[in-house]
Amino acid sequence: MKLQETKIDKRGLVKDAASIAVGSSLTALGIASFTMPNNIAPGGVSGLATAIAHIIPVPVGTLSLLINIPIFLLGLKVLGWKPLVKTGIATLLLSVLIDLFSLLPIQYTSNTLLAAVMGGALMGIGIGILFTRNISTGGGDLLSLILKRKRPHMSLGSLMMVLDGTVVAIAVLVFAEIEVALYSIVTIFCCSKLIDAIIQGVDYAKVVYII
């Protein structure tokens, strides 16, 4: 019995490690390659950090990590320390990867709308992968998980859209461009839909019913 439990634990750890690596990488790629270069605030801490970096010459990844500290402390009170160990690792890895990817020549700036869609898609897939293992990248993701405990009937994607709206409003004031809000909404929408699709799966029953 003990041997079986050990195998299950090891398998879970491998899945968690793979999810953290893949999820954080995809999320960081979406931010560093698509949203950041086009001044798009994808909501959450990364969007807030993008706006602040426009004023203060500090890397977005570093700012994200600093902003995440008080949110992480709040998570300790609500969720406990055990589920936040993996979240802490994912948060740190994401911050490092954002700054690392931003140094590479992989920024896309040809079409802002396409950048908003692709950035949101990559972030949604990455965050969705993490959420399936009850892991977040901190910030808006962690706040969404905290609120999910209080509002279990609401989807994580919907909760994130509410939180992200506040960040978008702040970004509009910083960049002084209404287009920032429009493109950010596109990114947030794509991100939230992919998160829900990954977590809940595609509801094929509804599709058959409509046909």
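The values are calculated or read from the model by the stated rules, or taken from the named source; none is laboratory data. None of the values given here were measured: they were computed from a predicted structure. Note that we place each Cβ from the backbone using ideal geometry, even for glycine, and neighbour counts take in every protein chain shown. The area values use the complete protein model at the heavy-atom level, side chains included, leaving out ligands, DNA and RNA. Shrake-Rupley method; radii C 1.70, N 1.55, O 1.52, S 1.80 Å.
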Scan the range 180-201 and give yes if some residue there is touching a Pro at 6+ places or on another chain (Cβ under 6 Å) and either closer than 21 Å to A90 by Cβ or in a helix (DSSP H, G or I) (or both), otherwise no. yes
Report yes if T62 is open to solvent by 40 Å² or more (accessible area, probe 1.4 Å), among the hydroxyl-bearing types (S, T, Y) and assigned to a helix (DSSP H, G or I), otherwise no. yes
Counting only residues in the range 136-190 that are of a type in the set (D, E, K, R) and open to solvent by 40 Å² or more (accessible area, probe 1.4 Å), the one nearest to S25 (Cα to Cα) is identified as K148
On the basis of being open to solvent by 60 Å² or more (accessible area, probe 1.4 Å) and in a helix (DSSP H, G or I), does L114 make the cut? yes
Out of (1) open to solvent by 20 Å² or more (accessible area, probe 1.4 Å); (2) under 16 Å from G126 (Cβ atoms); (3) assigned to a loop (DSSP other than H, G, I, E, B), the one S25 does not meet is (3)
Counting just the residues of the range 80-95 that are open to solvent by 30 Å² or more (accessible area, probe 1.4 Å) and in contact (Cβ under 8 Å) with a residue 40 or more places away in the chain, which one comes out farthest from the chain's Cα centre (by Cα)? P83
Tell me which of these K77 doesn't satisfy, since it passes every other one: (1) open to solvent by 20 Å² or more (accessible area, probe 1.4 Å); (2) touching an Asp or Glu at 6+ places or on another chain (Cβ under 8 Å); (3) modelled with pLDDT under 85. (2)
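Out of S136, S158, report the one residue that is of a type outside the set (K, R), outside any helix (DSSP H, G or I) and modelled with pLDDT under 90.
One residue alone meets the criteria, S136.
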Out of the range 96-110, which residues are open to solvent by 70 Å² or more (accessible area, probe 1.4 Å) and out of contact with any Ser or Thr (no Cβ under 8 Å at 6 or more places or on another chain)? V96, L100, L103, L104, P105, T109, S110
Does T91 meet the test of being part of a helix (DSSP H, G or I) and in contact with a Ser or Thr (Cβ under 6 Å, 6 or more places away or on another chain)? yes
